[in-house]
Amino acid sequence: MLSTFARTVVPLLGRLTVTTAGTARAIAPGSIVAPNHTALADPGLVLAALHRLGVEPVVLATAGLWKVPVLGPRLTREGHIPVHRGSRSAAAALDLAAEALAAGRIVVIYPEGGLPRRRDSADHGPGTFRTGLARLALATGAPVVPLGHAGARRIVSGGRIKQIAGVVTAPLRRPDLHVHVGEPVHLTGDIDEATTQARKAVEAAWQEAVGQLPSSRDASSPVR
């Protein structure tokens, strides 16, 4: 359901393009996809891009979504995994993710955890990573596929009124959106070292995504 919604709605909100690096065109079963997290709209970009690559992933998402009528039961039936942030049961989500990987599913986990506390619409690089991605990858040996995207904040950013206005006007503005899927990496070392490796890979994928936006290519100075 999430993928169907994303591939239907995202093209209405902007011009989505997708690029891949080398062998990343075919994401192997049992891989972890790690995107940067910048706006409420970016899960839609990620799922729409993955659908174009033939991937219907399992997504780790905030447990609050499971409280939404109709949506919650559908998320459970499709195998998506709730994350109870700040609770003792948060680690259980990684156990469920490991089971999904062992079954050959592709799992999406946002290493930053939450959204940045910014109101501007500019693209910025990934923030601090939490340790969940590294712990999952090291425990399972699963490859991590870094995914960078840019443009989501041009759909929705700022306060609530600005966010609503952004979504309403997006079909008229048609902002450029780009997703870049990088080469898979196998994390090594301890938790801190693996987290650093993952952040560098996602940062590189994000830089590639930003560079693909027409506004960035035309700008006289790089986006920071």
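The values are calculated or read from the model by the stated rules, or taken from the named source; none is laboratory data. Bear in mind that the values here come from a model prediction, so they are computed numbers and not experimental data. Every residue, glycine as well, gets a Cβ built from its backbone with ideal geometry; the counts of neighbours run over all protein chains shown. Surface areas here come from the heavy atoms of the whole protein model, side chains and all, with no ligands, DNA or RNA. Shrake-Rupley method; radii C 1.70, N 1.55, O 1.52, S 1.80 Å.
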Fill in the blank from the handout: Counting only protein heavy atoms and leaving out ligands, DNA and RNA, the solvent-accessible surface of VAL179 at a 1.4 Å probe, in Å² to the nearest 10, equals 0 Å²
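Over the chain, what percent of the accessible surface lies on carbon and sulfur atoms, probe 1.4 Å?
The nonpolar share, carbon plus sulfur, comes to 58 percent.
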Fill in the blank from the handout: Between the modelled labels at PHE5 and GLU78 (7 Å from Cα along Cα→Cβ) the distance in nm is 0.7 nm
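Stretched out fully, how many nm does the piece from ARG85 to THR169 gain, at 0.36 nm a residue minus the Cα gap?
Details: separation 84, 0.36 × 84 = 30.24 nm, distance 3.25 nm.
Difference between extended and current length: 27.0 nm.
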Practice task
For the chain, calculate the relative contact order in percent as a whole number, restricting contacts to Cα pairs under 8 Å that are 6 or more residues apart.
Solution key: 29 percent
Completion exercise
region 136-182: Kirkwood hydrodynamic radius (Cα pairs, Å) comes out at 12.9 Å
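Please work out the Kirkwood hydrodynamic radius for the chain, using every pair of different C-alpha atoms, and report it in angstroms with one decimal place. Working shown, then result.
Values: mean 1/r = 0.0567 Å⁻¹.
This gives a value of 17.6 Å.
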Fill in the blank from the handout: Expressed in nanometres to one decimal, the distance between label points 7 Å along Cα→Cβ at GLU183 and ALA122 is 3.1 nm
Completion exercise
Loop-resident trypsin sites (Lys or Arg not before Pro) in region 1-95 with no more than 11 other Cβ atoms inside 10 Å, DSSP not H/G/I/E/B, are ARG88
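For ALA26 and ALA139, calculate 0.36 nm times their separation in residues minus their Cα-Cα distance, and state this gained length in nm to one decimal.
Working: separation 113, 0.36 × 113 = 40.68 nm, distance 2.32 nm.
Taking 0.36 nm per residue and subtracting the Cα distance, the gain is 38.4 nm.
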Fill in the blank from the handout: Stretched fully, the stretch from ILE161 through ARG52 gains (0.36 nm per residue minus C-alpha distance, one decimal, in nm) 36.1 nm
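Among bridges DSSP assigns within the chain, what percent are antiparallel (round to 5)? Write down the numbers at each step before the final one.
Details: 5 of 22 bridges.
Rounded to the nearest five, the antiparallel share is 25 percent.
Calculated from DSSP H runs of 4 or more alone, at -39500 (n - 2.57) each and per residue, what is the 222 nm mean residue ellipticity of the chain, nearest 500? It would help to have the intermediate numbers written out before the result.
Values: 8 runs with 93 residues, N = 224.
Helix-only estimate at 222 nm: -13000 deg cm²/dmol.
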